[in-house]
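Structure first, then comments.
Each reported figure results from applying straightforward, stated rules to the coordinates on display, with no laboratory input. Predicted model, so just to flag it, every value in this text is computed and none were measured. Cβ sites come from the backbone with ideal geometry, for glycine too, and all protein chains shown count toward neighbours.
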Amino acid sequence: MQLMAELVKKENLKPDIYKFSVKAEEIVKIAKPGQFLNIRVNNEVEPLLRRPISIYNLDKENGILEFIFQVKGRGTKILAQRTIGEKIDILGPLGYGSFKFNEYKNVAIIGGGIGVFPLYELAKQAKENGKNVNTYLGFRNKDLVTLEDKFEEVSDNLIITTDDGSYKEKGFAIDWLKKDKNIDCIFACGPLPMLRAVREYAIENDIPCQISLEERMACGLGVCLGCAIKTAKSPKEAPEYWHVCKVGPVFEAKDVEI
Amino acid sequence: MNTKINFAGIEMKNPVTVSSGTFGYGREYSQYIDLNKLGAIITKGTSLKPKSGNKSPRVCETASGMLNSIGLQNPGVEYFAQNDLPFLRKFDTAIIVNACGSTIDEYVELCKILNTLDIDGVELNLSCPNVKSGCMAFGSSYEGVKEVTQKVRKVLDKPLIVKLTPNVTDIASIAKAVEDAGADGVSLINTLLGMKIDIEKRRPILANNTGGLSGPAVKPVAVRMVYQVSQAVKIPILGMGGIINGEDAIEFILAGAKAISIGTGNFISPDVSIKTIDEIENYMKKYNVEDINDLVGKVEMN
């Protein structure tokens, strides 16, 4: 659906990372963890396209939708300047592929960098549904660690890693995930090298694995066919493409080539 | 007040349609807008056999516009006829199929099939810049356009519109080829070939290196070309290129377009086409225009 959602709260989590809370009861009611929003940053034609941003938290009690984004270019810069009380043009929830945890008991959640944001709602819902939630979050360094306390609340066990060892465990989150021998399904979101490693590990060990992907897109609705991802089973000479906004953004890791 | 038009033999309740490749086969946007309100729907470029399209990245944003290189990904005409056409036919709007091919034979075979389907017309795509063979390769010369159009004309009884590429020196002469070959209308413009470079990686952003530029950035080029073509041919013009509201649409109509279509604007907001219809009506009220047909080509040059 398309909503003009009032911005009710704005938090600066890091110098370039913002959390927006908007009134969007209709979206909150139906959204699933892993789905995303396509947001118009202003009402002008410059920048032209909407910005796809993942859902961070669904506050069902108050009808509040929360998303977190990093200021990366001119679009997100304009979005970051929006003020409380303004209405933001949002399409959502988008994507048919969401994180599906129901059939699993022991869920392992792995995220890297700004890829941790869409994993929060998943961890929260999994925990509420009595799952054993083990969360592995990796960041480049201490300054970039975000939402540790929030993930702490919704995880049975939380491991934080930094590439340089400046905070908590030194190394990559996947190194710790690999030590976990009690996993029914892996849920992952983060930079491509991490997703590739997680995918490979899951396939080798025959563990179900769901990964959230991103690709440049325009409409977010499955119309422009911009955000193509090659399916794993299709041959190079006759590639078959699925679209992040439609089949995804969450895919079964074995089904796609990344 | 009359907004009805007859475009190349196709009855439309208003002059507003949606451009090929920006509206799929209508399903997605039907959840956001009432498709019955549109003058016509032009489908995604459809070929004889399914096409998988190009590698990602396929799209990127540019100043007031975007580049795309989708590569005509589509399920093929057979799938369209069985799955998408019955859905589209539930709505009270004209259905025009954008037809693409990589050889003349493919265009002809495809149009033979389209001739048997319950559709209102065909928009022959001689202008996609993102595929290696066919399309723009035919569309950029007088002879190429004439040959394909003539051969398709022989097998197609339905209204035939030919979509032109702006990537030519003299678009008016190409439009003349379309008219001489017996087409009922022309549509223009398809996208302008462009490129964007990632200066960190020192590589083009699009996997296909180049792509078609669309959006408000191209509008002045499109308006100029519509005007030039209107001076060269008698068949009606479907004008497009960066239209995102009623004012833009009126500009094209004044320049000589009998119908207009919304393309990239659909990506900005799903309701752009519907708002454009309302805004055209507001303009007509404001300037006491009784019949939209009276506005076509009414620009007075300095």
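A compact table of results
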{"quantity": "The stretch A:186-243 shape via C-alpha gyration tensor axes, a/c threshold 1.5", "calculated": "oblate"}
{"quantity": "Environment charge of residue A:5, counting only residues whose C-beta is closer than 15 Å and scoring Lys/Arg +1, Asp/Glu -1", "calculated": "+3"}
{"quantity": "Cross-link table A:19/A:168; A:72/B:132; A:32/A:181; B:176/B:285, entries beyond 26 Å C-alpha to C-alpha", "calculated": "A:72/B:132; A:32/A:181; B:176/B:285"}
{"quantity": "The stretch A:178-237: GluC sites (Glu not before Pro) falling in loop per DSSP and having at most 15 other Cβ within 10 Å", "calculated": "A:237"}
{"quantity": "Net charge over other residues, Cβ less than 11 angstrom from the Cβ of residue B:19 (K, R count +1; D, E count -1)", "calculated": "+1"}
{"quantity": "Alpha carbon Rg of the stretch A:99-212, scaled by the compact-globule rule 2.2 N^0.38 Å", "calculated": "0.95"}
{"quantity": "With at most 10 other Cβ atoms within 10 Å, longest stretch of chain B clear of loop GluC sites (Glu not before Pro) (DSSP)", "calculated": "B:1-199"}
{"quantity": "Gap separating the Cα centres of the stretch B:265-289 and the stretch A:136-207, nearest whole Å", "calculated": "50 Å"}
{"quantity": "Leading residue at positive end of dipole, the stretch A:140-238 (Cβ point charges), from A:220, A:145, A:235", "calculated": "A:235"}
{"quantity": "Per principal axis, descending, Cα span of the stretch A:2-94 in whole Å", "calculated": "33, 27, 25"}
{"quantity": "For A:185, A:219, order by how many other beta-carbon atoms lie within 10 Å, fewest first", "calculated": "A:185, A:219"}
{"quantity": "Kirkwood Rh (inverse of mean 1/r, distinct Cα pairs), the stretch B:155-255, angstrom", "calculated": "14.8 Å"}
{"quantity": "Listed pairs B:13/B:151; A:236/B:158; B:154/B:234 exceeding 27 Å between Cα atoms", "calculated": "B:13/B:151; A:236/B:158"}
{"quantity": "log₁₀ of I(q)/I(0) at q = 0.21 Å⁻¹ - the stretch B:8-72, Debye sum with one point per alpha carbon", "calculated": "-1.02"}
{"quantity": "Equivalent ellipsoid dimensions for the protein assembly as shown as semi-axes, Å, which come from the Cα gyration tensor, largest first", "calculated": "46, 25, 20"}
{"quantity": "Cα-projected label distance for residue A:170 with residue A:6, points at 7 Å along beta-carbon direction, nm", "calculated": "5.1 nm"}
{"quantity": "Chain A, Cα convex hull volume normalised per residue, Å³", "calculated": "126 Å³"}
{"quantity": "Stokes-Einstein D (µm²/s) once Rh is taken as the Kirkwood radius of the stretch B:120-179 over alpha-carbon pairs, at 10 °C in 1.306 mPa s", "calculated": "139 µm²/s"}
{"quantity": "Likely footprinting exposure, B:157, A:16, fewest C-beta neighbours within 10 Å first", "calculated": "B:157, A:16"}
{"quantity": "Convex hull volume per residue for chain B, taking Cα atoms only, in Å³", "calculated": "123 Å³"}
{"quantity": "FRET efficiency estimate (nearest 0.05) - Cβ-Cβ, residue B:271 to residue A:207, R0 45 angstrom", "calculated": "0.55"}
{"quantity": "Footprinting exposure proxy for B:19, B:30 (fewest neighbouring C-beta atoms within 10 Å first)", "calculated": "B:30, B:19"}
